[in-house]
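Participant: Before anything else, here's the structure in question.
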Amino acid sequence: MRIIDAHTHVHNAKTNFSPLYQLAESLGYEKLSVLSLQSAGKLTQNMICALCKISHPGTYAFGGLDYATGRDFYTQAQTLREIGFDGIKMLEGKPTTRRMLNKSLDAPEYDDFFSYMEETGFPVLLHIADPGTFWDKDKVPDWAVAHGWFYGEGDVPYRQYYEEVNNMLAKHPKLKAIFAHFYFLSNEPVQAQAFLDDHPNVFIDITAGIEMYEDFSKDPAFWNSFFVKNKNRIIYGTDSNDEPLPTDGTLSVNAYAKLEIDLLSTKNEIELFNVKYKGMGLPEDTLKRIFADNYIGIVSDTVRPLDIDALKKENEFITPYIKDEKEIANLNYIKTKIK
């Protein structure tokens, strides 16, 4: 069965992103998609993703918007599409990014951008909010606190993110949008179903969120029915990256990729990092849609070719805005590889 991981990240150009592709080979992936984290202030991310696409033919790459160069978002979307990216990743809806940008998802500044994405059918993958427990000091996991993912006074309230998305989709109902991490509604299946019903052009990906697979495991029969019903709206992703797997048994996001495949395709009980999960055992036609066909329907079966001249021009444009020495070294290395 074809498997395309629609949600991965890359950081390490000098290793040729090898750990990610070793993982992909071990799991039998046909293709994968790398997503830029440019909007979080990492101005070399688009170039790293583009280099990954060059180095590993058949790789999809979603670029990201920047907030340092002063370009409007409409112009940036045009530029990314002209370069040959396959879509745009928005981390703007993650609370830590929101703290930096202080811009609502339905802000007028995004209207022309979303209109362009809607009119051209250029897909966008959005991270919206985080698990609701991250706003509750009595429920937020310790590991989330350690990452700075506890949100309290001064942060945007959890439900406000969903209100902003509804406002944005009301203005752009034909937007080809994927909402990451099951839209953080795995503990609210009624709301998840209502979101899909109310917005027939959107998709959700099942990139973990550890809490997501814990929620699915509580009632695999129910979730089997949910996934079968919505098989045309769900996309496989993992958040895997190009960091080497630790050898000491400590938690790694890459270890969850096989867990996701097994939980979708079998009814087995699986233990990972001292947590037990129960599989859904989805039927083959549903797996086929989730693992590849839905994503192909959004981005095409063929990755978009990169315009190397346009990529070099963008590279030179962003160079003056990069001040971090490590990022400058990354960019200089990438320049030697883009030919």
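Participant: Relative contact order for segment 204-339 using alpha-carbon pairs under 8 Å, separation at least 6, rounded to a whole percent?
Facilitator: Value for segment 204-339: 23 percent.
Participant: Which of the aspartates and glutamates could be linked to Lys276 by a straight reach, that is with a Cα gap under 18 Å, when you skip same-chain ones fewer than 8 residues away?
Facilitator: Glu211, Glu214, Asp215, Asp219, Glu260, Asp262
Participant: DSSP loop chymotrypsin sites (Phe, Trp or Tyr not before Pro) in segment 250-307 with at most 12 other Cβ atoms within 10 Å of their Cβ, which ones?
Facilitator: Those satisfying the criteria are Phe273.
Participant: Also, quick follow-up: Using Cβ contacts closer than 10 Å as the measure, can you line up Phe216, Phe134 from fewest to most?
Facilitator: Exposure proxy ranking, most exposed first: Phe134, Phe216.
Participant: Tell me, what HN-Hα J-couplings in whole Hz come from the Karplus equation 6.51 cos²θ - 1.76 cosθ + 1.60 at θ = phi - 60° for each residue of segment 89-96, using x for Gly and Pro?
Facilitator: 9, 10, 9, 4, x, 7, x, 5
Participant: Here's something else I'd like to know. Each residue of segment 280-295 in order: what ³J(HN,Hα) in whole Hz does its phi give by Karplus 6.51 cos²θ - 1.76 cosθ + 1.60, θ = phi - 60°, with x for Gly and Pro?
Facilitator: The phi angles translate into 8, x, 5, x, 4, 5, 5, 4, 4, 5, 5, 6, 8, 4, 5, 5 Hz.
Participant: Output the antiparallel fraction of DSSP beta bridges having both residues in the chain, as a percent to the nearest 5.
Facilitator: So the antiparallel bridges amount to about 15 percent of the total.
Participant: Quick check: the angle from helix 308-318's long axis to the longest principal axis of the chain, C-alpha only, nearest 10 degrees?
Facilitator: 80 degrees
Participant: Starting with the fewest neighbours, write out Ser26, Ser240 ranked by other beta-carbon atoms found within 10 Å of each beta-carbon.
Facilitator: Ordered from fewest to most neighbouring Cβ atoms within 10 Å, Ser26, Ser240 come out as Ser26, Ser240.
Participant: What whole number of Å gives the distance from the Cα centroid of segment 285-339 to the Cα centroid of segment 156-183?
Facilitator: The distance from the Cα centre of segment 156-183 to that of segment 285-339 comes to 25 Å.
Participant: Right, another one. Treating the angle as unsigned and between 0 and 90°, give the value, to the nearest 10°, between the Cα long axis of helix 256-265 and the longest Cα principal axis of the chain.
Facilitator: In the chain, helix 256-265 runs at an angle near 50 degrees to the longest axis.
Participant: While we're on this one: Which entry in (i) 29, 23, 21; (ii) 32, 26, 18; (iii) 37, 22, 18 is this structure's computed semi-axes √(5λ) of the Cα gyration tensor in Å?
Facilitator: (i)
Participant: Within segment 1-65, which trypsin sites (Lys or Arg not before Pro) sit in a loop by DSSP and count at most 15 neighbouring Cβ atoms inside 10 Å?
Facilitator: Passing sites in segment 1-65 are Arg2.
Participant: Straight-line reach from Lys137: which lysines fall under 23 Å, measuring Cα to Cα and dropping same-chain residues less than 8 apart?
Facilitator: Lys94
Participant: Please determine, in degrees from 0 to 90 and to the nearest 10, the orientation of helix 73-83 with respect to the longest principal axis defined by the Cα atoms of the chain, where the helix direction is its Cα long axis.
Facilitator: Long axis of 73-83 versus the principal axis of the chain: about 80 degrees.
Participant: Quick one: compute the contact order of segment 4-337, relative version, from alpha carbon pairs under 8 angstrom and 6+ residues apart, as a percent.
Facilitator: The normalised contact order for segment 4-337 reaches 20 percent.
Participant: Still on this structure: List the residues whose amide H sits under 5 Å from the amide H of Leu126, counting only those 5 or more places along or on another chain, with H placed 1.01 Å from N in the peptide plane.
Facilitator: Residues meeting the criterion, in which the H sits 1.01 Å from N, are Met90, Ile178, Phe179, Ala180.
Participant: Please order Trp143, Trp223, Trp149, Trp135 by the number of other Cβ within 10 Å, starting at the fewest.
Facilitator: Fewest to most other Cβ atoms nearby, the residues stand as Trp143, Trp149, Trp135, Trp223.
Rule-based calculations on the coordinates, nothing more; no lab input. Because the structure is predicted, anything quoted here is derived from the model rather than measured. No Cβ is skipped: glycine too gets one built from the backbone with ideal geometry, and neighbour counts run over all protein chains shown.
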